[in-house]
Amino acid sequence: MKMKRLVIALLLLAVLLAPVLGQGAEVAQGQCLGYSQEAMTLKIEEYDTNISKDTPYGNPTGIVSQFDLGKAKVGITPETGDVVRIAYEIKEDQKVALKVMNVSKQDLRKK
């Protein structure tokens, strides 16, 4: 009987903790349109996930997004025209970057 209660308690705990453990960062990838180290912002045109030989990073979607880099870990400094990948969270109405990777200058496909 004690074993059955323990199993029920563990299942209940797992169900209650599942939403907390499932929260993760969003990811966006696209071409850098502007980077300001002073304002700590990055603006990109997002790419889709339709990757092909002709478009190895995806196709431009026309969606322009701006990210707050105040708390972000930035790898190789992005320049206009570079393809970047950003892990971010949405806080209130702002996209707050956690990590920024310069994909075009750190192309892992070549390794």
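Read the figures in this text as sums done on the coordinates, not as results from a lab. Nothing here was measured: the structure is a model prediction, and the numbers come from that model. No Cβ is skipped: glycine too gets one built from the backbone with ideal geometry, and neighbour counts run over all protein chains shown.
Can you say whether residue 58 is surrounded by 14 or more Cβ atoms within 10 Å (Cβ to Cβ), more than 16 Å from residue 26 (Cα to Cα) and touching a Phe, Trp or Tyr at 6+ places or on another chain (Cβ under 6 Å), as far as the supplied structure shows? In short, yes. Restricting 44, 86, 51 to residues that are over 14 Å from the mean Cα position of the chain (by Cα) and hydrophobic (A, V, I, L, M, F, W, C) narrows the list to 51.
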